[in-house]
Amino acid sequence: MAKVMVVDDDPDFVEITRTILLANGYEVSTASNGDEALRLMREDVPDVVLLDVMMSSVLDGVNVSHAMSEDPLLRRVPVVMVSSIASSPSAGMFPTDEYLPIDAWLSKPVQPNELLAKVAQYVQR
């Protein structure tokens with residue numbers, strides 16, 4: 001069973017996403033901030049990570065993706081960045097000219113079929 005980690009500080013988003021993934025046969029772990037996510041990933045490496053941009057700090061997700069890319073254990077884990085930052089007051093803080101070690105992008109609100117298609121694209125079942 002493929003393991004998906006959902007990293008987001010919005011409990012409603014986490015629960016909805018978790019429910020959709022579980023109903024479609026995925027094993028799901030969750031974290032509400034970057035530090036917790038990195039700790040849990042190092043204990044049990046997921047097959048794909050859904051990562052929010054804005055959590056405990058505005059660019060918490062960006063920092064996590066960089067930390068993962070520098071970690072030999074996590075650098076091959078696909079990262080799907082999920083965010084509503086484009087429509088938020090913090091949009092200007094997003095590093096559009098910086099390399100981001102992510103594999104894909106989903107904008108909130110995420111449609112269930114779009115979520116499942118993106119996860120399936122990066123998970124070897």
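Couple of notes before you dig in:
- Counted charge near Ser84, where neighbours are those whose Cβ lies closer than 11 Å (Asp, Glu -1; Lys, Arg +1): -2
- Seen from Pro101, the other residues with C-beta closer than 9 Å to its C-beta sum to a net charge of -1, counting Lys and Arg as +1 and Asp and Glu as -1.
- Computed over neighbours whose Cβ is under 12 Å from that of Met54, the net charge equals -4, Lys and Arg +1, Asp and Glu -1.
Laboratory data are not the source of any read-out in this text; all were calculated from the coordinates shown. Source: prediction; values computed, not measured. Counting neighbours? That spans all protein chains shown, and the Cβs are built from the backbone with ideal geometry, glycine included.
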